[in-house]
Every structure is written in structure tokens, then in C-alpha cells.
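Here's the structure, in C-alpha cells; my notes come after.
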Amino acid sequence: MSTNTVDDKRKVTTMRLTEMKARGEKIAMLTAYDYSMAKLIDEAGMDVILVGDSASNVMAGNITTLPITLDQMIYHAKSVIKGVRRALVVCDMPFGTYQGNSKEALASAIRIMKESHAEAVKMEGGAEIRESIERILCAGIPVMGHLGLTPQSINKFGTYAVRAKEEAEAEKLLADAHLLEEIGCFAIVLEKIPAALAARVASELTIPVIGIGAGGGVDGQVLVMHDMLGINQGFSPKFLRRYADLSTVINSAVSRYIDDVKTADFPNASEQY
Ligand code: KIV
């Protein structure tokens, strides 16, 4: 049974997120990639569900987010949408579908919206992808920005370490955040940057700033579902809080099932026709 404090059953929209920021209400965001988990997460009262390209890691077993395709993201988003009634569903644009050419970027975003029925897209980067973001926004598609650690650029950075610790990178991030607000993004994710810088960005912008490893001075938080539920045991960054230990729960349940089958304890007389 849900024990959360969310009473408002109204559908979450991009406009409602701005209102939440204005009245100081924190925004809760979590990833999901399939119908069943999305339904549980939505019923618990999540504000935003992100169909993250982290699906490449946690669903497909890839080392980076780069290999996931547009078709695969659309498949995940389509499944998530069917389980969601209240949360705003945002779908990541995968690597290679928006960086090079703004017409291709628009075509990719249109495919996501038409085929999956997601309600917004998320894109990694600032000034470098301005043209693509603007073209997508012109088509009436809401865009969430993503600055700081941008996993699609892992081959450029060579590490998943904290970003924007040096002044020059912090200044660029601040300028990019203002640019994304000016051109019309409805929110920004800040990943793995110093808490003081993230708090400054959140205080200077009127659009919501959602953090992951960016401290508590922002307008909301996002985590990857597999990490916070303890399904994915191999990933323990400082910023991660684990709310469950599902890998132990699942291992124990599956082991008991195997034992019951091997010992012919399952099925028993009441479990057959
Ligand atoms: O793909 C993802 O899960 C993300 C979050 C880490 C913000 O982009």
C-alpha cells in the first residue's frame, strides 16, 4: 500500500512542474522502462517518470548508454506509457539521433511522440545542440535539458567523475542552463556536479532543476530505478540512497522456487487441477 504524501491525483504536466517549483514543492522523478514497474511507480505517486537511455545499461546490459537505438527507446516508452495515469512521462533521445543535424533531431523527436505517446523528450547538452532543441520546441514538443555529467559523451570525458568542479566548466554550465531556459526548455536535469553550483543554477532559473548527485539545493531529484531498488548491486556512488535490497529478495525467492521444484514440493495438491 502506498504511504506517500501525494494527495493530488491530477495529471502532471510541464506547467504543473513550474508551479511546483514556484511554491517550493520538490519534484520526485524516477526511471522506468516497462509497463509493470511504471504502473507501480505511478501508483505510488511519482511526479515524473523518465524512460532513460540508462535502459541501455540496466535493461540491455550494455556498458554505456551509447548503443541503445531509437526503436528500442520507443519500445520502452510505449510500454511505460500504458502503465501511467498521473506522472509526466519523459523519454530520452538516444545518442546519435539529435546531435548532428536539427532536421534529423526533429524527425527523431516526432517518432518518439507519435509512436510511444511520451509527453516530452530529454536531450544531453547545451549550446552545441541549441539548433536541434529549438527545432523540436518549435514543433510543440516539450524538451527537458540535461547538463553536467552527460553519459552520452563518456568517450569525450573518459570518466564518470564529478563534472564542473573547475571554474571554466562551471561558468559554461551556468551559461548553458540559462540558454536552455531562454530557448524554452521546461526543466533541466543536472547530473553529478557540486551541490553549490547546482543550488546556484536552481536559484537563478524559474524552470525546475532536477538533480542526480547534485545535492539538495535543487527543485527535485531523479534516480535510476534499478539502483535505488537495489536490483543493480554493482553501482554504489556516494549520491545513491538504496530504498530496497531487491537483488537479495529476488535471489532468495528464486532459490526457494528452485528447491521446491527439485524436491517436488511444488506444486502441491492445492496447486493443481
Ligand atoms: O538515462 C537516465 O536514466 C538518465 C538519468 C540518470 C537522469 O538520464
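Over the chain, what percent of the accessible surface lies on carbon and sulfur atoms, probe 1.4 Å?
Details: 7770 of 13860 Å².
The computed percentage sits at 56.
If you take all other residues with their beta carbon under 12 Å from the beta carbon of Val90, and give Lys and Arg +1 and Asp and Glu -1, the sum is -3.
Quick check for me: using +1 on Lys/Arg Cβ and -1 on Asp/Glu Cβ, what's the dipole size of the chain about its Cα centre, in debye to the nearest 20?
280 debye
Over the chain, dividing the summed -39,500 (n - 2.57) contributions of all DSSP H runs of at least 4 residues by the number of residues returns a 222 nm mean residue ellipticity of -12000 deg cm²/dmol. The charge dipole of the stretch 1-157, taken about the Cα centre with unit charges on the Cβ atoms of Lys, Arg (+1) and Asp, Glu (-1), comes to about 320 debye, rounded to the nearest 20.
Each Lys and Arg adds +1 at its Cβ and each Asp and Glu adds -1 at its Cβ; summed about the Cα centre, the stretch 187-264 shows a dipole of about 160 debye.
Per residue, how much accessible surface does the stretch 75-137 expose to a 1.4 Å probe? Answer in Å², no decimals. Show your work: numbers first, answer last.
Values: 2720 Å² over 63 residues.
Spelled out: the 1.4 Å probe surface of the stretch 75-137, per residue, equals 43 Å².
Would the stretch 20-61 count as rounded, prolate or oblate if I go by the C-alpha gyration tensor, calling it rounded below 1.5 in a/c and otherwise prolate when a/b exceeds b/c, oblate otherwise? Oblate.
So what is the diffusion coefficient of the stretch 1-90 in µm² per second by Stokes-Einstein at 20 °C and 1.002 mPa s, using a Kirkwood Rh over Cα pairs? Don't skip to the end; give the middle numbers.
Details: Rh = 13.8 Å.
Answer, rounded: 156 µm²/s.
The mean sequence distance of close C-alpha pairs (under 8 Å, at least 6 residues apart), as a share of the length of the chain, puts its relative contact order at 15 percent. Largest mean-square fluctuation among Val89, Val261, Val143, in a Gaussian network model of the chain whose springs join Cα atoms under 10 Å apart, belongs to Val261.
Between the Cα long axis of helix 246-262 and the first principal axis of the chain there is an angle of about 30°, rounded to the nearest 10.
For the chain, a Gaussian network of Cα nodes joined below 10 Å ranks Val162, Val80, Val189 by mean-square fluctuation, and the top entry is Val162. Picking from Gly100, Ala198, Ser79, whose Cα lies most toward the positive end of the charge dipole for the chain (charges on Cβ: Lys, Arg +1; Asp, Glu -1)? About the Cα centre, the residue reaching furthest to the positive side is Ser79. Which angle between 0 and 90 degrees, to the nearest 10, do you get for helix 167-183 versus the longest principal axis of the chain when only C-alpha atoms count? So the helix axis and the longest Cα principal axis differ by about 90 degrees.
Inverting the mean 1/r over all pairs of different Cα atoms, compute the Kirkwood radius of the chain and quote it in Å. Taking every pair of different Cα atoms in the chain, averaging 1/r and inverting gives 19.5 Å.
A 25 angstrom limit on the alpha carbon distance is what I want to check against. Which of Lys26/Lys122; Lys26/Lys114; Lys11/Lys78; Lys11/Lys82; Lys172/Lys192; Lys78/Lys122 exceed it?
Values: Lys26/Lys122 19 Å; Lys26/Lys114 30 Å; Lys11/Lys78 18 Å; Lys11/Lys82 14 Å; Lys172/Lys192 15 Å; Lys78/Lys122 16 Å.
Correct reply: Lys26/Lys114.
From the largest down, the stretch 138-262 spans 63, 35, 28 angstrom on the principal axes of its Cα atoms. Within the stretch 15-87, report the chymotrypsin sites (Phe, Trp or Tyr not before Pro) that DSSP leaves as loop and that have at most 14 other Cβ atoms within 10 Å. Of the chymotrypsin sites (Phe, Trp or Tyr not before Pro), not one in the loops of the stretch 15-87 has a Cβ with at most 14 other Cβ atoms within 10 Å. Who wins for biggest fluctuation among Phe95, Phe239, Phe186 in a Gaussian network model of the chain, springs between alpha carbons below 10 Å? Most flexible of the set in this elastic network: Phe239. On full extension, the segment bounded by Tyr160 and Glu131 gains 7.8 nm, given 0.36 nm per residue less the C-alpha separation.
Could you tell me which of rounded, prolate or oblate describes the stretch 99-212, using a ≥ b ≥ c as the square roots of the eigenvalues of the alpha-carbon gyration tensor, with rounded for a/c under 1.5 and, failing that, prolate when a/b is larger than b/c and oblate otherwise?
On the way: a/c = 1.97, a/b = 1.55, b/c = 1.28.
In terms of gyration-tensor shape, prolate.
The values are calculated or read from the model by the stated rules, or taken from the named source; none is laboratory data. Every value quoted in this text rests on a predicted model; they were computed, and no experiment measured them. Positions of Cβ are generated from backbone atoms using ideal geometry, with glycine treated the same way; all protein chains shown enter the neighbour counts. Remember, those area values only see protein heavy atoms, side chains included, never the ligands or the DNA or RNA. Shrake-Rupley method; radii C 1.70, N 1.55, O 1.52, S 1.80 Å.
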